[in-house]
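Here is the structure we will look at.
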Amino acid sequence: MQTERVKQLNIKARSLDAQGIIKLAYDEFSSKVSFATSLGEEDQVITDMIAKIAPGISIFTLDTGRLFVETYDLMAKNQKKYNKLNFKIYYPDTKRVEEMVRTKGINLFYESVENRKLCCHVRKVEPLQRALADADAWMGGLRREQAVTRAGLEPVEWDETNKKIKFNPLYNWSLAQVREYIKKNQVDISPLHAQGFVSIGCAPCTRAIKPGEDIRAGRWWWENIEQKECGLNNNPKWKGNKKL
């Protein structure tokens, strides 16, 4: 049943621009659709669009406890600038973090892919599940151009992990389009972008990229590119660029 609904929504979404996809999500799910922001350039664009065309969509972010200071500063700016929007912040379970750090070490993620995924699960995946508990659909700032793991991204997908419909308004945007919107609409972004950071996550797991590097090269740079997802945004269909 949900698969058929996703197919129908995808047919509609493919003929719409980013603002149209956001409006489609709100028209279909109203207050039951939430937007997950990590405060990156793409997410700032979507936040600005939501404020203008669908302010009823709730916006949440996951505070892992390891974010950059610049990310917190931008979060505060958003809360003041878009004060009509409903911002929510979710945190990892304290006891689970304490146990993980006690048994694996404070920087366990450098030791193995398994450890890194464990850290991502505790700090990001589990809080996401709580954030989506009352939602029927959610939205993110993913783009096909971001990584080989996202090449088959569609505007509307079925998130099997969370059992929710997922909207990707910027799925076919280039980074140049993202930055053009930011400039034209005077959207606030993290100063880290000017320092070579493209994809910004937790401070220990993110670095600036060098000219010519893949735009996801700065995330978990010690791992193979095929492994660079944290569990929030995984879909086996993407690699084959399959259509729903």
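Each value in this text was obtained by applying a stated rule to the coordinates, not by laboratory testing. Just so you know, these numbers come straight off a predicted model, no measurement behind them. We place every Cβ from the backbone using ideal geometry, glycine too, and count neighbours over all the protein chains shown.
Comparing Cα centroids, segment 2-71 and segment 121-138 end up 14 angstrom apart.
Give the calculated FRET efficiency between N107 and N172 to the nearest 0.05, with a Förster radius of 30 Å applied to their Cβ-Cβ distance.
On the way: r = 37 Å, r/R0 = 1.23.
For N107 and N172, the calculated efficiency is 0.25.
Quick one: dipole size for the chain, taken about the Cα centre, charges +1 on Lys/Arg Cβ and -1 on Asp/Glu Cβ, in debye to the nearest 20. Don't skip to the answer; put the middle values down first.
Details: 40 positive and 31 negative charges, 43 e Å.
The dipole magnitude comes to about 200 debye.
The share of Cα pairs per 10 Å bin across segment 1-132, counted from zero up to the longest distance, runs 11, 34, 30, 20, 5, 0 percent. Of the peptides 115-123, 63-71, the order by per-residue mean of other Cβ atoms within 10 Å, starting with the highest, comes out as 115-123, 63-71.
Which GluC sites (Glu not before Pro) in segment 142-205 sit in a loop by DSSP (not H, G, I, E or B) and have at most 13 other Cβ atoms within 10 Å of their own Cβ?
E160
Can you pull out the trypsin sites (Lys or Arg not before Pro) in segment 149-191 that DSSP calls coil and that have at most 13 other Cβ atoms within 10 Å?
Working: sites: R150, K163, K164, K166, R179, K183, K184; in loops: K163.
For trypsin sites (Lys or Arg not before Pro) across segment 149-191 that sit outside H, G, I, E and B with at most 13 neighbouring Cβ atoms in 10 Å, the list reads K163.
The label-point distance for N115 and A133, in a model that sets each label 7 Å from Cα toward Cβ, rounds to 3.1 nm.
In terms of overall dimensions, the chain has a Cα radius of gyration and Dmax of 17.2, 51 angstrom.
Set the Förster distance to 30 Å, then compute FRET efficiency between K183 and W222 from the Cβ-Cβ distance, nearest 0.05. Provide the component values of the computation, followed by the final result.
Working: r = 34 Å, r/R0 = 1.12.
Efficiency at R0 = 30 Å is approximately 0.35.
Here the Karplus curve 6.51 cos²θ - 1.76 cosθ + 1.60, taken at θ = phi - 60°, turns the phi angles of segment 18-31 into couplings of 4, 4, x, 5, 4, 5, 4, 4, 6, 4, 7, 10, 6, 6 Hz, with x standing for Gly and Pro.
Modelled spin-label separation between D93 and S30, with each label point placed 7 Å from Cα along the Cα-to-Cβ direction: 3.3 nm. Once the dipole of segment 121-199 is set up with Lys and Arg at +1 and Asp and Glu at -1 on Cβ about the Cα centre, which of L132, G152, I182 lies farthest towards its positive end? Positive-end residue among those listed: I182. For the chain, the mean residue ellipticity at 222 nm estimated from helices alone is -10500 deg cm²/dmol, where every DSSP H run of n ≥ 4 contributes -39500 (n - 2.57) and the total is divided by all residues, rounded to the nearest 500. Taken one residue at a time, the phi angles of segment 171-185 give Karplus couplings (6.51, -1.76, 1.60, θ = phi - 60°) of 3, 10, 7, 8, 4, 4, 5, 4, 6, 5, 5, 4, 5, 5, 9 Hz. Gly and Pro are set to x.
Computed across segment 95-182, the Kirkwood hydrodynamic radius from all distinct Cα-Cα pairs reaches 15.3 Å. Can you tell me the orientation of helix 94-104 relative to the chain, as the angle in degrees between its alpha-carbon axis and the longest Cα principal axis, to the nearest 10? Computed tilt is about 50 degrees.
Looking at segment 137-227, the pairs of alpha carbons with a distance over 14 Å make up 71% of the total.
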